[in-house]
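Contents: one structure, followed by commentary.
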Amino acid sequence: MRNHAITRANISPGPSLLARATRGIEPLLAAEIGRLGVVTRLRHREVWFRVREPGPHVLRLRTADDVFVLAAVAAGLGTSKASLAGLTDAVREAGLKEALALRARCGGGRTTGVDVSASFLGRRAYTRYDVEDAVGTELARALGARYHSRRGGGAPPPGTLSWRVAIEDDRATLAVRIAARPLHRRPYKRASVTGTLHPPVAAAMARLAGLDGAGTVLDPCCGAGTLLVEARAVAARPRLLGVDHDPEAVRAAARNAARDTRFGWAVADAGCLPLPSGHVDRVLVNPPWGRQVRATGLLSRGDRALWEELARVVAPGGVVVALLHAPEAAARMAAPDAAGFELREAIEVSLSGAHPVIGVFTCSR
Ligand SMILES: C[S@@+](CC[C@H](N)C(=O)[O-])C[C@H]1O[C@@H](n2cnc3c(N)ncnc32)[C@H](O)[C@@H]1O
């Protein structure tokens, strides 16, 4: 007897989708999804949902790392290698046709071949490649397509249909990516800099800033301009000002903004901004971490110069959303606190193996 029981993906009536998120911003993704449909499950790095009208608009979720159609949930999976047979059965019984029809309605394009990416938690007698090859071989058979294994480090060729298997405890979820590539890879990001921010986290920060009605939004350490380009997607009207001490970063940001006249760029020190006092309504900032990217100029002496200058240029009642990296909470908050900013919200996220905090501050003057 097989040691699994398969359940179809329809968690509740209507089509089921799964969005992946950076750890920490799942509730913000759920809120963004709330405008399109109903969230059915919110868990570590995932939001499951169904939409009223499936369509390509699901690919416009900016706080999602990626969006998938959920094809099957198999329960009862063991830890032995033999239990992978249950997974193969689960693929056989999954509603692949329905899943692919929903993918097509959501804007998924034509593909050739199949690839699988697997992950699991806990000790198992199989590897991720064993899972991928078991599922991929069965998918290829069912769909009449060629399977491209990742075993041996080979990346699948572009244009394959990408499946994802996630195993946790005794449960495996099988999902298929809708877009041709992960949503977090933004087409606008043609130029990059070291330490550039993950776009969905930048999108989350822009949402936390409450940009509706904001006149001027500033990023004083703009790098490749990710925060401001993501801010443009949230609010239609603000003026977006990007400053960086490094001329190459400013060139990269201007390139990514693609000559949009709402943006203004300047090479300057964030500790001495070329802006009048009280000029700015919102600040989005990802200051240098001191790991990959060094602080230069006035910031090389610490965060204080940045926060004192923000206190000067931010209008009363203005909001600063900052990604703060110091390992201790007290150290992270010391400079904003000393400059007169009040912490309204703090959200810890997981990024590149570190756990920075998104701090939302109001200017209390
Ligand atoms: C973590 S990176 C910002 C990445 C950016 N958010 C992005 O998505 O590409 C920090 C940036 O701060 C800049 N920087 C360092 N010292 C600075 C200073 N004194 N004034 C302004 N920018 C500075 C660096 O050149 C770098 O581009």
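Of all residue pairs spaced 6 or more apart or on separate chains, none has beta-carbon atoms under 8 Å together with a first member in segment 174-187 that is within 10 Å of residue 199 (Cβ to Cβ) and a second member that is part of a loop (DSSP other than H, G, I, E, B) and modelled with pLDDT under 95.
Among 319, 293, 360, which is the only one that is within 19 Å of residue 223 (Cα to Cα), in contact (Cβ under 8 Å) with a residue 60 or more places away in the chain, not charged (D, E, K, R) and not in a helix (DSSP H, G or I)? If you could, list the steps in order and put the result at the bottom.
On the way: 319 fails: within 19 Å of residue 223 (Cα to Cα); 360 fails: within 19 Å of residue 223 (Cα to Cα).
When all the criteria are applied, what remains is 293.
Can you work out which of the residues in segment 292-306 that are among the hydrophobic types (A, V, I, L, M, F, W, C) and near the ligand (Cβ under 7 Å from one of its atoms) is nearest to the chain's Cα centre (by Cα)? Result: 293.
Considering segment 251-270, and only residues there that are among the hydrophobic types (A, V, I, L, M, F, W, C) and more than 9 Å from the ligand (Cβ to nearest atom), the residue that is farthest from residue 202 (Cα to Cα) turns out to be 266. Within segment 334-352, being in contact with a strand residue (DSSP E or B) (Cβ under 6 Å, 6 or more places away or on another chain) and closer than 13 Å to residue 304 by Cβ holds for 336, 341. Here is the figure for segment 47-64: residues that are outside any loop (DSSP other than H, G, I, E, B), out of contact with any helix residue (DSSP H, G or I) (no Cβ under 7 Å at 6 or more places or on another chain) and of a type outside the set (A, V, I, L, M) total 5.
Go through the residues of segment 81-100 one by one and say whether even a single one is closer than 30 Å to residue 198 by Cβ, more than 23 Å from the chain's Cα centre (by Cα) and in a helix (DSSP H, G or I).
Filtering segment 81-100 for residues closer than 30 Å to residue 198 by Cβ gives 99-100.
Next, from what is left, pick out any that are more than 23 Å from the chain's Cα centre (by Cα): 99-100.
Still in the running and in a helix (DSSP H, G or I): 99-100.
Yes, segment 81-100 contains at least one residue that is closer than 30 Å to residue 198 by Cβ, more than 23 Å from the chain's Cα centre (by Cα) and in a helix (DSSP H, G or I).
Of all the listed residues (39, 67), the sole one being touching a helix residue (DSSP H, G or I) at 6+ places or on another chain (Cβ under 6 Å), free of Cβ contacts under 8 Å to residues at least 12 places away in the same chain and among the hydrophobic types (A, V, I, L, M, F, W, C) is 39.
Going by what's in this entry, would residue 317 be described as more than 12 Å from the ligand (Cβ to nearest atom) and within 28 Å of the chain's Cα centre (by Cα)? Give the derivation first.
On the way: more than 12 Å from the ligand (Cβ to nearest atom): yes; within 28 Å of the chain's Cα centre (by Cα): no.
No; evaluated as a whole, the condition is false for this residue.
Screening residue 289 on (1) within 8 Å of the ligand (Cβ to nearest atom); (2) modelled with pLDDT of 95 or more shows it passes everything except condition (2). Could you check how many residues of segment 220-250 are within 12 Å of the ligand (Cβ to nearest atom) and either farther than 27 Å from residue 300 by Cβ or in a helix (DSSP H, G or I) (or both)? The total comes to 10.
Which ones in segment 212-263 are β-branched (Val, Ile, Thr) and in contact (Cβ under 8 Å) with a residue 12 or more places away in the chain? Full working, then the answer.
The first filter runs over segment 212-263 and keeps only residues β-branched (Val, Ile, Thr), leaving 216-217, 226, 229, 234, 243, 250, 261.
Correct list: 216, 217, 226, 229, 234, 243, 250.
Residues that are surrounded by fewer than 21 Cβ atoms within 10 Å (Cβ to Cβ) and among the charged types (D, E, K, R) were ranked within segment 259-291; the one that is nearest to the chain's Cα centre (by Cα) is 291.
Please specify each residue of segment 106-132 satisfying the condition of being part of a helix (DSSP H, G or I) and surrounded by fewer than 17 Cβ atoms within 10 Å (Cβ to Cβ). Talk me through it step by step, then tell me what you get.
Narrowing segment 106-132 to residues part of a helix (DSSP H, G or I): 128-132.
Result: 129, 130.
Tell me, yes or no, whether segment 147-160 has at least one residue that is aromatic (Phe, Trp, Tyr), out of contact with any Gly (no Cβ under 7 Å at 6 or more places or on another chain) and not assigned by TED's automatic domain parsing to the domain that holds residue 349. No; the residues of segment 147-160 include none that is aromatic (Phe, Trp, Tyr), out of contact with any Gly (no Cβ under 7 Å at 6 or more places or on another chain) and not assigned by TED's automatic domain parsing to the domain that holds residue 349.
Checking 246, 169 one by one, the residue that is at pLDDT below 95 and surrounded by fewer than 22 Cβ atoms within 10 Å (Cβ to Cβ) is 169 and no other.
Given 276, 327, which one is assigned to a loop (DSSP other than H, G, I, E, B) and without any contact (Cβ under 8 Å) to a residue 12 or more places away in the chain? It would help to see each step written out before you state the result.
Values: 276 fails: without any contact (Cβ under 8 Å) to a residue 12 or more places away in the chain.
So the residue among 276, 327 that is assigned to a loop (DSSP other than H, G, I, E, B) and without any contact (Cβ under 8 Å) to a residue 12 or more places away in the chain is 327.
With respect to the conditions (1) within 12 Å of the ligand (Cβ to nearest atom); (2) touching a Pro at 6+ places or on another chain (Cβ under 9 Å); (3) not small (Gly, Ala, Ser), residue 216 falls short on a single one, namely (1).
Determine if segment 61-68 includes at least one residue that is more than 10 Å from the chain's Cα centre (by Cα) and farther than 17 Å from residue 173 by Cβ. No; the residues of segment 61-68 include none that is more than 10 Å from the chain's Cα centre (by Cα) and farther than 17 Å from residue 173 by Cβ.
The values are calculated or read from the model by the stated rules, or taken from the named source; none is laboratory data. Keep in mind that what you see is a predicted model, and the values were worked out from it rather than measured. A quick note on method: Cβ atoms are made from the backbone with ideal geometry, for glycine too, and the neighbour counts reach across all protein chains shown.
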